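Asker: For reference, the structure I am asking about is given below.
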Amino acid sequence: MRVLVATAVPAERDAVARAFTGAEVVAVGVGPALAAASTATALTTAALRGAPYGLVVSAGIGGGFLPGAPLGSLVVADEITVADLGADTPAGFVPVTELGFGTVTHRPPESLVREVTAATGAPAGTVLTVSTVTGTAARAAELRTRHPRALAEAMEGFGVAEAAAAHGTPVLEIRAVSNPVGPRDRAAWRIGEALAALAEGFGKLAPVLESWKQV
């Protein structure tokens, strides 16, 4: 099975590519819109060539919600949820689904999530997609209240998942934690450790991703 791994930036792409030589790893850009467009282009190109992908993986580093996702840990999404697509109202945030249209969550195949968590030992939970990275304790608390199962936030997963869904292709999201979700403190970021954890995780995942088949 052909696997497409979508990362945001070249550093993530290179970390994954070193560990998972059996996949095509592409840096699709930062943010859900660019990630969706770039992933859709890669999927369409492959389909037109008669060699479609059987699985799309959104991978990279991101912020972790403590204590469930400490720095340097790996998390797996069983729900890929966009956290800020909707409307701000006097009563609080209303997701676009409650406005009567759209979707806010994509769910990776349960069997694949089970195999990936077993191979890596990583926990499964919600990974949020945001267009603005959380930088305050108040925002972090709001997200945890609305998404109590959230383990991490990043900026591309939902866009990648939207493109995969449009092509009828299963999707997975994996994140290595580089910083805690909360007050913005660049000194506390551990990007190198997160990239190393991402590469280590994909080293364990490669056989699972290459052999998995949707039933």
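Asker: Just for segment 1-27: of the residues that are of a type outside the set (Lys, Arg) and in contact with a Gly (Cβ under 8 Å, 6 or more places away or on another chain), which one is most open to solvent (accessible area, probe 1.4 Å)?
Answerer: MET1
Asker: Show the residue pairs that are 6+ apart or on different chains and have beta-carbon atoms under 7 Å apart, the first residue being within segment 86-113 and open to solvent by less than 70 Å² (accessible area, probe 1.4 Å), the second being part of a strand (DSSP E or B) and small (Gly, Ala, Ser).
Answerer: Listed by first residue and then by second, the contacts come to PHE93/GLY86; VAL94/GLY86; VAL94/ALA87; PRO95/GLY86; VAL96/GLY86; PRO108/ALA77; VAL113/ALA124.
Asker: Which pairs turn up if I take residues in segment 142-156 that are in contact (Cβ under 8 Å) with a residue 24 or more places away in the chain and look for partners that are assigned to a helix (DSSP H, G or I) and open to solvent by 10 Å² or more (accessible area, probe 1.4 Å) with beta carbon separation below 8 Å, at least 6 apart in sequence or on another chain?
Answerer: Listed pairs, sorted by first residue: ALA150/ARG144; MET155/PRO32; GLU156/PRO32.
Asker: Go through (1) assigned to a strand (DSSP E or B); (2) more than 18 Å from ALA165 (Cβ to Cβ) for GLU79 and report which single condition fails.
Answerer: Only one criterion is unmet by GLU79, namely (2).
Asker: Here are ALA77, ALA91, ALA40: which of them is out of contact with any Lys or Arg (no Cβ under 6 Å at 6 or more places or on another chain) and over 23 Å from GLY29 (Cα atoms)?
Answerer: It is ALA91.
Asker: With the structure loaded, tell me whether VAL160 is among the aliphatic types (A, V, I, L, M) and within 26 Å of ALA91 (Cα to Cα) or whether it fails that test.
Answerer: No; evaluated as a whole, the condition is false for this residue.
Asker: Taking segment 201-215 as the region of interest, how many residues are out of contact with any strand residue (DSSP E or B) (no Cβ under 8 Å at 6 or more places or on another chain) and assigned to a helix (DSSP H, G or I)?
Answerer: 6
Asker: So for segment 166-183 (the condition being touching a residue at least 60 places away in the same chain (Cβ under 8 Å), out of contact with any Lys or Arg (no Cβ under 9 Å at 6 or more places or on another chain), more than 16 Å from VAL25 (Cβ to Cβ) and open to solvent by less than 10 Å² (accessible area, probe 1.4 Å)), does at least one residue qualify?
Answerer: No, every residue in segment 166-183 fails to be touching a residue at least 60 places away in the same chain (Cβ under 8 Å), out of contact with any Lys or Arg (no Cβ under 9 Å at 6 or more places or on another chain), more than 16 Å from VAL25 (Cβ to Cβ) and open to solvent by less than 10 Å² (accessible area, probe 1.4 Å).
Asker: Sticking with this one: For segment 41-62, indicate whether the set of residues that are β-branched (Val, Ile, Thr), under 27 Å from ARG149 (Cβ atoms) and open to solvent by 10 Å² or more (accessible area, probe 1.4 Å) is non-empty.
Answerer: The initial filter retains those residues of segment 41-62 that are β-branched (Val, Ile, Thr), namely 41, 44-45, 56-57, 61.
Checking the rest, the ones that are also under 27 Å from ARG149 (Cβ atoms) come to 56-57, 61.
Filter again for open to solvent by 10 Å² or more (accessible area, probe 1.4 Å), leaving 61.
Checked against the condition, which is being β-branched (Val, Ile, Thr), under 27 Å from ARG149 (Cβ atoms) and open to solvent by 10 Å² or more (accessible area, probe 1.4 Å), segment 41-62 yields at least one hit.
The values are calculated or read from the model by the stated rules, or taken from the named source; none is laboratory data. Quantities reported herein were computed from a predicted structural model and do not represent experimental measurements. Methodologically, a virtual Cβ is constructed for each residue, glycine included, from the backbone with ideal geometry; neighbour enumeration extends over all protein chains shown. Just the protein is used for accessible areas: all its heavy atoms, side chains included, with ligands, DNA and RNA removed. Shrake-Rupley method; radii C 1.70, N 1.55, O 1.52, S 1.80 Å.
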